[in-house]
1. Only one of these conditions is not met by B:GLY103: (1) surrounded by 20 or more Cβ atoms within 10 Å (Cβ to Cβ); (2) within 17 Å of the chain's Cα centre (by Cα); (3) of a type outside the set (Lys, Arg). Which number is it?
2. What pairs come out if I take residues in the stretch A:76-101 that are among the polar types (S, T, N, Q) and pair them with residues that are not in a helix (DSSP H, G or I) whose C-beta lies under 9 Å away, six or more apart or interchain?
3. So which residues in the stretch A:109-135 are assigned to a helix (DSSP H, G or I) and either among the small types (Gly, Ala, Ser) or within 22 Å of B:SER133 (Cβ to Cβ) (or both), if there are any at all?
4. Picking from A:TYR66, A:TYR45, which residue would you name as being closer than 21 Å to B:CYS99 by Cβ, assigned to a helix (DSSP H, G or I) and aromatic (Phe, Trp, Tyr)?
5. Do we find a residue being touching a residue at least 24 places away in the same chain (Cβ under 8 Å) and under 30 Å from B:SER94 (Cβ atoms) anywhere in the stretch A:65-75?
6. Identify, from the list A:SER57, A:SER49, A:SER81, the residue that is small (Gly, Ala, Ser), out of contact with any Pro (no Cβ under 6 Å at 6 or more places or on another chain) and under 15 Å from A:VAL130 (Cα atoms).
7. Mind listing whichever residues of the stretch A:136-154 are in a loop (DSSP other than H, G, I, E, B) and at pLDDT 85 or above?
8. Do we find that A:GLY86 is assigned to a helix (DSSP H, G or I) and surrounded by 14 or more Cβ atoms within 10 Å (Cβ to Cβ) in this structure?
2 protein chains.
Amino acid sequence: MKKLLGGPGTVCGLLLRIGQCASAAASIGVMVSAKEFSVHTAFCYLIASMGLQLLWSFGLACLDVYALRGKKDLQNPILVSLFVVGDWVTAMLSLAAACSSAGVVVLYEKDIKYCNTQSQYPCLRYEVAVALSFVTWIQIAVSSHVTFWILASV
Amino acid sequence: MKKLLGGPGTVCGLLLRIGQCASAAASIGVMVSAKEFSVHTAFCYLIASMGLQLLWSFGLACLDVYALRGKKDLQNPILVSLFVVGDWVTAMLSLAAACSSAGVVVLYEKDIKYCNTQSQYPCLRYEVAVALSFVTWIQIAVSSHVTFWILASV
């Protein structure tokens, strides 16, 4: 199988997974610290999907560490297929969550100007949490395409 | 190159493109007919991304018809690369638009119950337009993966 930068069992792949964990955890942390987040379905969905992403990326990070230390080759078709499906599902869920939350934040900020009238409303925290979820999505999109390319080039 | 069902220059591929055009056009039509859609950034973005999708899918449908009638083979690496990039970009934009609009519709329906209090508010039309945009996204996701698979298996 093609050895691609960022693929499973490589240092680059491990760094990508750690980056995904960090930004997903940060997104959850910021959103949970914002008042009244639980009133919004989109924000609750954001936390759920970032939580799923955190678990998935943490699991694969551990696998990468195991492979690197034991000099194991993770790039066999069955394992890579599993990675492809998992990466693709979490990437879609992360993008959907980030965009639905962004839709609500833009509605408050720009369309109904709710943030200006209600100055104590935690709009900034919502924005930071949504921005971090997009950062998470970009990283998982990279992983998802690298593993998909490896699989398709078998 | 692998001949895949739904690939460029096949009957199945043509039907998929026509389906994308139909659901994208329907989504635009329903959203435009809803009162006060223009107040919402997310809904304006939905119309823009469905418009782009309509143009892209219509263009490729014409190409498929040309290829089928002239028995031409569209599956050469350069053309397929173009299809992959175009399909991927429009698929991401469609999903982002559908999700951000869905975030706003769920906020109105469920979180702040705006639709119950303001009965004349066109919530149903918003919902139908968002549902149609998800239908469009599912079809373009299929096309995007088929062409990506063809390209990666060169």
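1. Unmet for B:GLY103, out of (1) surrounded by 20 or more Cβ atoms within 10 Å (Cβ to Cβ); (2) within 17 Å of the chain's Cα centre (by Cα); (3) of a type outside the set (Lys, Arg): (2).
2. Qualifying pairs under 9 Å: A:ASN76/A:MET1; A:SER101/A:HIS40.
3. The answer is A:LYS110, A:ASP111, A:ALA129, A:VAL130, A:ALA131, A:SER133, A:PHE134.
4. Just a single option satisfies the conditions, and that option is A:TYR45.
5. Keep residues of the stretch A:65-75 that are touching a residue at least 24 places away in the same chain (Cβ under 8 Å), which gives A:65, A:67-68, A:72-75.
Keeping just the survivors that are under 30 Å from B:SER94 (Cβ atoms) gives none.
No: zero hits.
6. That would be A:SER49, the only listed residue that is small (Gly, Ala, Ser), out of contact with any Pro (no Cβ under 6 Å at 6 or more places or on another chain) and under 15 Å from A:VAL130 (Cα atoms).
7. Residues satisfying the conditions do not exist here.
8. Judged against the criteria, A:GLY86 is a match.
The values are calculated or read from the model by the stated rules, or taken from the named source; none is laboratory data. In this text the structure is predicted, and so the values were computed from the model without any measurement. In this analysis, Cβ positions are derived from the backbone assuming ideal geometry, glycine residues included, and neighbour counts consider all displayed protein chains.
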